[in-house]
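Just so you know, all these numbers are worked out from the coordinates, no wet-lab data involved. Computed from a predicted model, the values in this text were never measured in an experiment. Here the Cβ is made from the backbone with ideal geometry for all residues, glycine too, and neighbour counts use every protein chain on show.
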Amino acid sequence: MVITNQMIQIHKWQDKDLELLFDLNSAVMTEHLGGPESEEKILQRHKRYLELGERGQMFIVTLDSVAAGSVGYWQTSWKGEDVYETGWSVLPTFQGKGIAGAAAKLAVEAARAENKHASIHAFPSISNTASNAICRKLGFELLGKCELEYPPGSIMQCNDWRLGLK
């Protein structure tokens, strides 16, 4: 599956995309997510991405065919409701160019096309101004602050953003 927005594309996650996960696992890239993961955790994440199946989809983000980051959505239960959750990550050299926002928009469109859940949520750290700005720009509604356990064993202060899919 290839979804296009001018030069920015999202492609279904494949086995060959493992290297990108290691590139996205730097201290700078994981500042709002509890820090870098071990090699074992990265390999487990890659396997989860490949095996999402009917529960969602992860994508590699490219700009002019060069890997720039990742974006995706996955099924979760939030406050008793089955919803999609979305998240994105763009390498530092590609940040500030609108790539994350364009890729997130494409991923939301893919989730909407599935016609499976009524809404999609994003839970950026309250200190991640760039991701919170993307949510606002894409029309997500800020429902308020919340706490999530991420990574396991660590409580993260997040904003709960919701966008209707139907």
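Figures for the structure shown
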{"read-out": "For peptides 13-25, 36-48, 103-115, sequence by mean Cβ density within 10 Å, most packed first", "value": "103-115, 13-25, 36-48"}
{"read-out": "Under the Karplus curve 6.51 cos²θ - 1.76 cosθ + 1.60, θ = phi - 60°, whole-Hz ³J(HN,Hα) for region 50-59, x wherever Gly or Pro sits", "value": "5, 9, 4, x, 6, 8, x, 7, 9, 10"}
{"read-out": "Dipole magnitude of region 20-99, debye to nearest 20 (Cβ charges: Lys/Arg +1, Asp/Glu -1, about Cα centre)", "value": "40 debye"}
{"read-out": "R0 of 35 Å, Cβ-Cβ distance residue 82-residue 23: FRET efficiency to nearest 0.05", "value": "0.60"}
{"read-out": "Whether region 2-164 is rounded, prolate or oblate, judged on the alpha carbon gyration tensor where a/c under 1.5 counts as rounded", "value": "rounded"}
{"read-out": "Interchain or long-range residues, amide H under 5 Å from residue 69's placed H", "value": "61, 91"}
{"read-out": "Theoretical ellipticity at 222 nm over the chain - DSSP helices of four or more residues, -39500 (n - 2.57) apiece, nearest 500", "value": "-8000 deg cm²/dmol"}
{"read-out": "Inter-part distance where region 60-111 and region 129-166 are each reduced to a Cα centre, Å", "value": "13 Å"}
{"read-out": "Fully extended contour minus Cα-Cα distance, from residue 115 to residue 95, at 0.36 nm per residue", "value": "4.1 nm"}
{"read-out": "Backbone N within region 145-166 under 18 Å of label point (7 Å from residue 126 Cα along the Cβ vector)", "value": "145-151, 154-162"}
